[in-house]
Amino acid sequence: MSRIRAAFWDPTASRHSIPTYPWRMAPPHLLTLRQLTAEGLRPGGQGVQAQILWRSRRHGAPGVRAAYLYDIRLALPKRPMTPAKWTALAKANAARRRCPDCGLDAGFVISRYADTCTTCHYQRADARTETAA
Ligand SMILES: [Zn+2]
């Protein structure tokens, strides 16, 4: 084992705050959030159980990088989307498309900066130039 990998080998958390493994050396029951999701699971209230540390030479962000691991034995099945949840989601998305000025569905999510549909935005801009003139 190289010196770097040995530095990250700490399954008993004697040198790190949580059990730590080098890249590709974590036990198979510890998965990342993405890996849990791929298995149709969610952490289910458990906190981070362990971490993988590795030295990255990625351009712009070199240094030690971490991936947090969850125990598959404590994981729970992902809650499926119920019809009520789909309705709530559709309602929330519709609200984000509605222009507060004219009350119409803009057909896209209104930007937080413009905060109206494009028609209202330009009407406002026109009104401003008219009062200025
Ligand atoms: Zn509008």
Original post:
What is the local net charge at Arg79, summed over the other residues whose Cβ is closer than 12 Å to its Cβ (Lys, Arg +1; Asp, Glu -1)?
Top reply: +3
**OP:** Give the carbon-plus-sulfur fraction of the accessible surface of region 50-133 in %, rounded to a whole number; probe 1.4 Å, heavy atoms of protein chains only.
**Re:** 58
Original post:
How high is the relative contact order of region 16-58, in percent, with contacts defined as C-alpha pairs under 8 Å that are six or more residues apart?
Top reply: 62
Subject >> Reference-scaled alpha-carbon Rg (2.2 N^0.38 Å with N residues) for region 1-103 >> reply: 1.56
**OP:** Evaluate the relative contact order of the chain (contact order divided by residue number), counting alpha-carbon pairs under 8 angstrom at least 6 apart; express in whole percent.
**Re:** 16
Original post:
With a ≥ b ≥ c the root eigenvalues of the C-alpha gyration tensor of region 1-49, is it rounded (a/c under 1.5), prolate (a/b larger than b/c) or oblate?
Top reply: oblate
Original post:
Taking a probe of 1.4 Å, how large is the accessible area per residue of the chain, in Å²?
Top reply: 74
**OP:** Please work through the chain and write down the cysteines that have no neighbouring cysteine Cβ at a distance under 4.7 Å.
**Re:** Cys102, Cys120
**OP:** Using packing as a proxy for protection, rank 125-131, 63-69, 33-39 so that the peptide with the highest average count of other Cβ atoms within 10 Å comes first.
**Re:** 63-69, 33-39, 125-131
Original post:
If one takes the longest principal axis of the Cα atoms in the chain, at what angle in degrees, from 0 to 90 and to the nearest 10, does the Cα axis of helix 83-97 lie?
Top reply: 50
**OP:** State the percent of C-alpha pairs, over all pairs in region 65-133, separated by a distance greater than 18 angstrom.
**Re:** 63
Original post:
On a 0 to 90 degree scale, rounded to 10, what angle separates helix 118-132 from the longest Cα axis of the chain?
Top reply: 60
Original post:
Comparing Arg24, Arg97, Arg112, which has the greatest mean-square fluctuation in the GNM of the chain with Cα pairs linked when under 10 Å apart?
Top reply: Arg112
**OP:** Rounding to the nearest 20 debye, state how big the charge dipole of the chain is about its Cα centre with +1 on each Lys and Arg Cβ and -1 on each Asp and Glu Cβ.
**Re:** 640
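The values are calculated or read from the model by the stated rules, or taken from the named source; none is laboratory data. Keep in mind that what you see is a predicted model, and the values were worked out from it rather than measured. Virtual Cβ from ideal backbone geometry, glycine too; neighbours counted across all protein chains shown. Only protein heavy atoms, including side chains, enter the accessible area calculation; ligands, DNA and RNA are left aside. Shrake-Rupley method; radii C 1.70, N 1.55, O 1.52, S 1.80 Å.
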